[in-house]
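Structure, as structure tokens:
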């Protein structure tokens, strides 16, 4: 089995959420004395060993992991951990067999900015999305920057990575998931899909949009209703609106 790589999470919300997640392997917490005092409510059973450091030491710890040598906003907390174990596509398909409860999946076609992914995870948690599906390549790994942007949602929303998106979409369709691609000027308003039992929202990267095979796999193309004078939306903003508009209304 491939060895699990080390990961540094930083910032109050990502670290607190990780410490509260029983599925997260928390190895060691590095913290300023002031920040450690803020964690007094966390159970000792879930707290890993703590090393107290000065803020400049935490700055240097994170700078050594950044290619741009920029200090990350850690708020006095840095957690040494490993990436989460995530489900695979077969696990999602098994969930679909378990009953009539409507499922909502968000499928990203080569969205590469970790901060966008983090913001999307926050919206996915807020609107009850069952899983985020991404390609194994041309998508960001689990990183501190992604976790910081997700503000704790990384611990709550499953992320499924697939090697071949076209095959994954076909498998979802075979299991009665309606695939709706988001595209400006599409004929269907996204809110019309709120009564769809199992729905997969498919979104492409900013600029390039959905790839041809991804688009062809969609059952319907849908658009967010906007003023005619408005410009296109950031992918994370569009995802938030689409997830809100398609919450199951059956």
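Laboratory data are not the source of any read-out in this text; all were calculated from the coordinates shown. As the structure is a computational prediction, the values presented were derived from the model and not from experiment. Backbone-built Cβ (ideal geometry, glycine too); neighbour counts: all protein chains shown.
Looking at the chain only, what percent of DSSP beta bridges run antiparallel? Nearest 5 please.
Details: 10 of 36 bridges.
Within the chain, antiparallel bridges account for around 30 percent of the total.
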Over the residues of segment 7-81, compute the C-alpha Rg and express it relative to 2.2 N^0.38 Å. 1.03
Cα-based convex hull volume of segment 73-174 per residue, rounded to whole Å³: 102
State log₁₀ I(q)/I(0) for segment 1-149 at q = 0.09, 0.16, 0.18, 0.21 Å⁻¹ as given by the Debye formula over alpha-carbon point scatterers of equal weight, solvent excluded. -0.33, -0.97, -1.16, -1.39
What's the exposure ranking of 134, 61, going from fewest to most Cβ atoms within 10 Å? 61, 134
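How big is the C-alpha Rg of segment 155-250 next to the rule-of-thumb value 2.2 N^0.38 Å, as a ratio?
My calculation over the Cα atoms of segment 155-250 gives 1.07.
Can you put 196, 178, 229 in order, fewest other beta carbons within 10 Å first?
On the way: 196 19, 178 16, 229 5.
Ascending Cβ contact count within 10 Å gives the list 229, 178, 196.
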With N set to the number of residues, divide the alpha-carbon radius of gyration of segment 89-245 by 2.2 N^0.38 Å and report two decimals. 0.96
Taking neighbour counts of Cβ atoms within 10 Å as a proxy for exposure, in what order, fewest first, do 33, 231, 142 appear? 231, 33, 142
Taking 218-225, 7-14 and ranking on average Cβ neighbours within 10 Å, highest first, one gets 7-14, 218-225
Distance histogram for segment 116-157 (every C-alpha pair counted, 5 angstrom bins, percent rounded to whole numbers): 6, 26, 34, 25, 8, 1
